[in-house]
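Undergrad: Take this structure first; my questions come after.
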Amino acid sequence: MTEVNGVCYRSDNTISSASTDGKARAWNLGAKAQDPLKLEGHTNSVQAVAISGDGSTVISGSQDKSVRVWDAQTGEQKALLEGHTGMVFSVDISKDGKLAVSAGYSDKTVIIWSLEGEAKELKKVDFGKYVFAVTFAPNDESLFAGGVDGLLKQYSVNNGEPIKEFKGHTDYLTSLKTTSNGNHLVSASGDNKIIVWNVKSGEKVLTLEGHTDRVFGVDLTPDNSKIISASDNKTAKLWDFKTGELLHTFEGHSSSVNSVAIHPSGNFIATGSDDKTWKLWSLHPPYSLLYTSHDSHTNGINSVAFSRDGNSLISGSYDYTVNITYLIPHLNLLPSSVHDSTFKRDCNLEEESSNSYDWNNTTTMALLKRNPNFLHEPRFDNNSLQTLAHLAAQNSKSAFLAAALTIPSEDTEDDSEKGIMGWQSRQKIAFLSTILRNPKNETLLALAVKAESGPVVKVLLDLYNLLLSQTYALPFTSKNSSQEQHPSSLFPLDEFIPALSKFPQLAIAFLSQLSLNTSGDHLVQKGVARHELGPTSRLIVGSTSRVPQNFWKGTLKQPDKDGKVPQDSGVPVTAKFVPLKNIAARNSTFLATVVNAAAETRDYSVFENEVLATIVQHKWEKYVRRKFINLMLLNICMVLFMTCDVLLESTLSQAEGFFLKIPTATLCLYFIKIEGLELYSANSLHLHFSNFWNFVDFISLGSIVVAYILRFSGVDDWATVCFALALPLSYLNTLYYMQGFEGSGQLVRMILGIIRGIGSFMLILVVCMIGFAFGFYILYEAGPGEYASAGGSGSGEGDVVDGPYGMDTPWMAMFSGFLLLLGDFNVEEFNASVNFGTTLLLFVVFMFFINIVMLNLLIAIMGDIFDNIQENANSEFLFARAEIIIEIENMLSPKELENEEWFPIWLQVLVPTQSDEDNGSSDAWQGKMRALRKTMADVQAGLGSEISELKSKLQESDAKREIADAKRAKAEMKRDEAQTKRDDAEAKRDKAVKELNEKSDRIEKMLSTDVKTKLGSETSDLKTKLVESDAERRLAEAKRDEAMTELSNQIKLSNAKSDRMEEMLSQLLGQKMEEEQNDTKEEGGEA
């Protein structure tokens, strides 16, 4: 087999693969599930089928003496080839798809047909004897034909002349197959043998013997390493091609296996049988059965063949038809190496995943959506055959399982247009994945419990709740049955019980959501609608079937002659059943495990669930109540006999006393035996004595035994002490029997609940009382020990009396403290202490703290406990009754355990319809109110935590807002400073411009004054030197112009500098303001 190096999922719903065989393949994942394509036209049994290499053409040979050519895509008949005068038993197509060959049985001929253009006969070869099998050589230049008497020949395709004859078989040939290189030929025969031939020499290479009947079919794996054969003995066998070793025998068909074919991937095989089915098997250990077709044909199957791409299976049958079945919707047949690469490699990044499987990759989820069969396709992990779902549970991949197993019902119709199967089909496959078992007989739940993965267990239990509420059946094949079964029949109760022990809270949440399923029995009974039931009662009967028809017909009121149901008595009823198989059966530990889980979590509300209430009621009414009452009467007799014996001992004669002692001792030994059985079944001292009643029973029985031993030994004083303990404990133990009855049982559970609820308070109270008692003790111990009482006799002075009783020792002081609590005190006794005032102060503090504060607190606590117990009184009562049931079941004899009426497979329940619809009973309303209060408490607790979290977030937000405000104020300050600097710069610029203008005016004025002075003083000279003055004037004007130009340049330069300074200041100010705004925004965003 070739190795796949990589695959990639594409947007057109296909995956592409590349392998070491130099080929790339595209696999269609989006095809819809559909019925087989039926090719109809033959008028007799179809004996052989073959398909061309390109998958476009199918040919079939039939006992109607014809060969027909079909279009594999549309199912239309392309050609009818008539040339044989006898039945056609074998056909084959050449590798290039241009030629076909057929074997005529009674006409003793082999015909070569042309499939190009209009199909026609090319050549007819006379075989000379009845011919059963033909096949082309891989090079299409020769063919092989086999017939009766073990005759096997090789012929030239070109001229039809014989090339070679192979001798070795002693009976007729049934099937032929060549190796891919054409070097060897494998033949099957009616002599029960398979022979491997060397084609070149014609010699036998290997003879395979192991079938006990005729061998009808043979095929080779693509790598020529293994041979598969089909036989009349209802089996197929796998052989090693080189050694001839038998590797495996496939068993499962109920009739002859007529044909066998190996999938092009080399991972699967198909077998066709006279039992009207074809089966798909894995070619890898442990060679599991993967799929069985039940409705493909209406008669036996003679021939099977795979298409070259492996996506289709062609089958020919005695029912005159040829079927083409698209395999992907039934079972994913992509090579395992392709799947492994898909899940190991991230196709987008083309990098190896760090895990064994890329569980949460989008490619993986896309593949699962289009083909949910991926979940339970066989794959190999540590040399063990597992499914993808099993591997996910084993590796605690709860997120993957939650996404893969829970199919949203709101999937739109667009999915079907994309080639994705509907919600119900996909959900069925998901359900089936949770029920399938691996080779170690473990489901997903068992693997999750073994991995101690609570999240996976929760996902599976949520799915089981959904599963048990469905009305459809699942296709499930087991050793005993291959028919569809209802999910309730497949629920793994044996694995749920360990989950209940390991994860009690999750399991109790699962059980709390269970409900009785409607059986539909009323639909079968026409007109039957009423029964003699009270409005809140129910009738429970065991059955061997899940929903037996007309089950209640004998117990319900029947219609009268007019077809009317009597309406004078009874109430409308609905037939239901408990949706868990064997939940009340023999040796079922379900109820005991639920009791232990409820005791561990202190959550008894699960017993208000109608399923558990039904189980408890069934067991109680069938056999527990009678036995429990008998035990109660025996216990009462033992207590009464012992009471009479102890109280009347001094007045009775020895014979009369012996008459009382014998039944007391006998009954005591009987109850000791029961206690021993309970201890043995518990397998744990801690578990057994954690039950209050077991502890009381043990102490009372022990005290009775010890008391009688001491009495017979003559130690009467200590015997009396033991009897003093035994009597109150024995009478207290009668409360255990009272809790089995609804009226008194709830009160007993209330008493126990109150005792358990005030445990912490009593500890605090005892500690405080001990402290005060020791304080009083040291005050009296240091005092005079006596005092003068008021109103003494005689002289009028008080009598001198001893100090208060009970202050002699610290232990008696604690008892005196208890008397103070009850109000037994005398203030005059304080005079016997070392200091009257201190004693009085200590007494006042004691009375305030203990008698006022603590006792009022006790009243408030007991009120809350009472309300809580009152709300759950019914569930705790049912819990107590369930404990009684478990103890009674431990006492049952093996014969009683065989009683099918006591321990049925299924429980059928008749429930008043009125209580279902309007829940009119007070119990139902109490249950709803309890659930409502619990929900409100949960919501309140959740809101409290959310409010606290919001408060903390608001405080953080306020702090951040204050910081942001401070930063904003700082930024505004910086902005004001920058604005001030800008204003100063503008003022400086204006001042500089003004100074420049004034300087320019002064220069202009100065130049003008100098010229006038010179002209006035030298008027005469100017007149005489006109030319010189004109020249000088021109020179002065030029200098002036030059000075003005220089001044103008200086002004422009000053203005440019001022503008640049202003621009720089503006940019700086803008940057600062932008930075401050960004800081403010960031702080505001954080706030």
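The values are calculated or read from the model by the stated rules, or taken from the named source; none is laboratory data. Just so it is clear, the model here is predicted, and its values are computed rather than measured. Here Cβ is always computed from backbone atoms with ideal geometry, including for glycine, and neighbour counts include all displayed protein chains. Heads up: the accessible areas ignore ligands, DNA and RNA and are worked out on the full protein's heavy atoms, side chains in. Shrake-Rupley method; radii C 1.70, N 1.55, O 1.52, S 1.80 Å.
Undergrad: With charges set only on the Cβ (+1 for Lys and Arg, -1 for Asp and Glu), what does the dipole of segment 38-169 come to about its Cα centre, in debye to the nearest 20?
TA: Computed about the Cα centre, the dipole is about 340 debye.
Undergrad: Still on this structure, please answer the following. Loop-only check: which GluC sites (Glu not before Pro) in segment 105-139 are DSSP coil with at most 12 other Cβ within 10 angstrom?
TA: E116, E118
Undergrad: What accessible area, in Å² to the nearest ten, does a 1.4 Å probe give for I963?
TA: Taking all protein chains as shown, I963 has close to 90 Å².
Undergrad: A further question follows. Restricting to Cα pairs below 8 Å that are 6+ residues apart, what does the relative contact order work out to for segment 692-731? Please round to a whole percent.
TA: Value for segment 692-731: 49 percent.
Undergrad: Could you compute the net charge surrounding H211? Neighbours are other residues with a C-beta less than 11 Å from the C-beta of H211; K and R count +1, D and E count -1.
TA: Residues near H211 contribute 0 overall.
Undergrad: Restricting to DSSP loop positions (anything but H, G, I, E, B) with no more than 12 other Cβ atoms inside 10 Å of their own Cβ, which GluC sites (Glu not before Pro) remain in segment 134-217?
TA: E203
Undergrad: Find which of G160, G97, L81 sits farthest along the positive direction of the dipole of segment 49-170, computed with +1 on the beta-carbon of Lys and Arg, -1 on that of Asp and Glu, about the Cα centre.
TA: G160
Undergrad: Report, by chain and number, residues whose modeled amide H sits under 5 Å from the one on G542, excluding near sequence neighbours (fewer than 5 apart, same chain).
TA: Here the answer is Q908, since their amide H atoms fall under 5 Å of that of G542.
Undergrad: Same structure again: Going highest first, how would you order 228-235, 992-999 by mean Cβ packing within 10 Å?
TA: My ranking of the peptides, most packed first, is 228-235, 992-999.
Undergrad: Of the listed peptides 182-192, 883-893, what is their order by residue-averaged count of other C-beta atoms within 10 Å, with the highest listed first?
TA: Final packing ranking: 182-192, 883-893.
Undergrad: So, one more: Rolling a 1.4 angstrom probe over the protein chains, ignoring ligands and nucleic acids, what is the accessible area of F774 in square angstrom, nearest 10?
TA: My reading of the accessible area for F774 is about 80 Å².
Undergrad: Could you tell me what percent of the accessible area of segment 603-648 is made up of carbon and sulfur, with a 1.4 Å probe and every protein chain present?
TA: Carbon and sulfur together cover 66 percent of it.
Undergrad: Further question: Taking only protein heavy atoms into account and a 1.4 Å probe, give the accessible area per residue of segment 811-854 in Å².
TA: Counting only protein heavy atoms, the per-residue value for segment 811-854 is 55 Å².
Undergrad: Can you list residues from other chains, or at least 5 along the same chain, whose modelled amide H is less than 5 Å from the amide H of Y291?
TA: L280
Undergrad: Share of segment 95-186's accessible area from carbon and sulfur, percent, 1.4 Å?
TA: 40
Undergrad: Moving to a separate point now. Would you tally the net charge around S175, using a Cβ to Cβ cut-off of less than 15 Å, leaving S175 out, and scoring K and R as +1, D and E as -1?
TA: Counting the neighbours of S175, the net charge comes to -2.
Undergrad: Around N267, which amide H atoms from residues at least 5 apart in sequence, or from another chain, sit under 5 Å from its own amide H, with H modelled in the peptide plane?
TA: none
Undergrad: Restricting to Cα pairs below 8 Å that are 6+ residues apart, what does the relative contact order work out to for segment 619-678? Please round to a whole percent.
TA: 36
Undergrad: Continuing with the same structure: Where Lys and Arg each count +1 and Asp and Glu each count -1, what net charge lies around G86 among other residues with Cβ under 14 Å from its Cβ?
TA: 0
Undergrad: Moving on to the next point. Sorted by mean Cβ packing within 10 Å, highest first, what order do the peptides 250-258, 971-979 take?
TA: Taking the mean over residues of other Cβ atoms within 10 Å, the ranking is 250-258, 971-979.
Undergrad: At a threshold of 8 angstrom on Cα-Cα distance, excluding pairs fewer than six apart, so keeping six or more, what relative contact order does segment 621-777 reach in percent?
TA: Normalised by residue count, the contact order of segment 621-777 is 18 percent.
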